[in-house]
Amino acid sequence: FLTKSTNELTLKLGAKVVGASDSSYVQGPVKKIGNTAFVFPTGINNSYRPIEISAPSTTTSEFIAEFKDDSVSVNTNTKDTTLARLIREQYWNLNRTSGTSQVYVTLSWNSLSTLIDTIVTIASWNGSQWKDMGKGILEGNNSFGKLQSNVAATSYNQFIIAFSGSSGILIPPACQEIETAY
């Protein structure tokens, strides 16, 4: 299902999504209204990449989510000192468009975007830097799984899976980051 910012899919209070997969997802923005936890059925390029939120506090809360896949690592040097490496090539836009609810965010990965280690965390862009949201519940393995933030989000913009650790910890680069072999 393909949507646009001018024609997003809107799911009202109590709506549920069933049957999402690599061949059945929404490419584009999905809006959720209500106070129930929700799995946004987002994805792109034959890859189902859901983002989940915990239950908002009010029935009028509105969130819009979309998965993005690009090759630009925007502002990846502007980050909390607890973040070692940011994976900005794939990210989720999650915007709170109505209400003041703060929610926990859960991000996913699959065989097309495997993890190289489990020292992962969730990071969010607050408008000036990437903030470490911590590692909450981690489920799955390096090929498939999901990770919930340890704290509720306070700003809503871009969310990514990042590697935690001080700047002294070496994290292997992604293959697309290697330009010249010596």
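Every number in this text was worked out from the coordinates using simple rules, so none of it is lab data. This one's a predicted model, so the numbers in the text were calculated from it and none came from an experiment. Positions of Cβ are generated from backbone atoms using ideal geometry, with glycine treated the same way; all protein chains shown enter the neighbour counts.
Checking the cross-link pairs K68/K135; K4/K79; K32/K146; K4/K32 against a 26 Å limit on the alpha carbon distance flags K4/K79 as lying beyond it.
Report Rg/Rh for region 43-114, rounded to two decimals, where Rg is the Cα radius of gyration and Rh the Kirkwood radius. Expressed as Rg/Rh, it is 1.01. Taking the inverse of the mean reciprocal distance over all distinct Cα pairs, the Kirkwood hydrodynamic radius of the chain comes to 16.7 Å. Which residues make up the longest stretch of the chain clear of trypsin sites (Lys or Arg not before Pro) that lie in a DSSP loop with no more than 15 other Cβ atoms within 10 Å, not counting the sites? It works out to 17-182.
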